[in-house]
Amino acid sequence: MAATTRNTSRERLEAKESAILDAAEQIFCKAGFDGAKISDISRAASVAEGTVYLYYHNKQDLLTAVVARFWTQLTLGAEAAIDPEASPAEQLEQLAGYHLQALLDQFEIVSLTYRERPQQEQSLDQVRDYVRIFDRVMQRGIDRNALPKGMIIRQLRDVFFGTLEFSARTLKLRNQPYDHSIVTNLLTLIIERSGSHTALSGDKEPTNRELMYALEAIQDKLLK
């Protein structure tokens with residue numbers, strides 16, 4: 001009986017914390033960090049303002065929790081979106097499609113991560129956990145000789161996520177929906193290394209300037 005009571009109490013506490021985080025995400029996305037007020041968040045969560053402070057010390061602490069939950073959910077979603085039996089190329093397509101759609105669906109909260117990310121090492125660790133999914137897919141492809149061994153994963157990772165983020169922003173600005181051709185063209189350029197062969201593969205690592213030019217070339221092709 002006591003164990004059941006403890007479980008019920010924990011569930012109530014977790015439900016209340018989840019409601020606070022849902023409300024905080026809503027208010028942060030609507031008003032921005034500077035415009036958000038704890039009183040508004042507590043009202044949206046249907047809890048007393050003092051209750052919010054029982055869970056989080058201040059507004060920055062609350063933003064950190066919102067962003068942490070975002071990255072956790074994003075990582076779980078990406079892992080679920082990838083078929084473990086698919087080829088590396090198919091897995092890259094699944095990851096790219098998932099990431100682009102997630103950016104479009106949660107564009108406002110993605111913007112919040114830029115404010116929080118430089119201030120919290122914990123958030124950086126969560127970002128690394130997420131992008132390592134790309135690293136694992138790429139390494140699996142290289143190990144199975146499905147991708148060229150000369151590929152430099154850490155730099156292709158920047159091209160992969162940077163291009164999808166740039167494209168998501170462009171689609172939002174143009175008020176356009178998800179466009180899978182962005183994913184298709186990006187993977188063609190990465191896997192076949194067309195248009196960026198020199199800058200992104202080979203025995204000699206590219207300079208930052210060469211990588212920047214390669215990324216810009218990819219973005220130009222995707223958005224024509």
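Where a number appears in this text, it was derived from the coordinates with a stated rule and is not lab data. Because the structure is predicted, anything quoted here is derived from the model rather than measured. Because the Cβ atoms are built from the backbone with ideal geometry, glycine has one as well, and the counts that use them run over all protein chains shown.
Brief remarks on what is shown
- DSSP-assigned coil residues among trypsin sites (Lys or Arg not before Pro) in segment 44-144, each with at most 15 further Cβ atoms within 10 Å: Arg144
- Length gained on full extension, Ser181 to Ile153: 7.8 nm, using 0.36 nm per residue less the C-alpha separation.
- Extent along principal axes [Cα atoms of segment 1-106; Å; largest to smallest]: 51, 45, 18
- Extension gain for the segment Gln73 to Glu165, taken as residue separation times 0.36 nm less the Cα-Cα distance, is 31.3 nm to one decimal.
- From the largest down, segment 1-56 spans 46, 18, 16 angstrom on the principal axes of its Cα atoms.
- Note on Thr188 and Asp125: with the Förster distance fixed at 22 Å, the Cβ-Cβ geometry gives a FRET efficiency of about 0.10.
- Cut-off 13 Å between beta-carbons: net charge of the residues surrounding Ala23, Lys and Arg +1, Asp and Glu -1: +1
- Neighbour-count order for His57, His180, His99, fewest beta carbons within 10 angstrom listed first: His57, His180, His99
- Rounded to the nearest Hz, the phi-derived 3J(HN,Hα) couplings of segment 80-89 under the Karplus curve 6.51 cos²θ - 1.76 cosθ + 1.60 (θ = phi - 60°) are 6, 6, 9, 7, x, 8, 6, 6, x, 5, where x marks glycine and proline.
- The order of Tyr178, Tyr98, going from fewest to most other C-beta atoms within 10 Å of their C-beta, is Tyr178, Tyr98.
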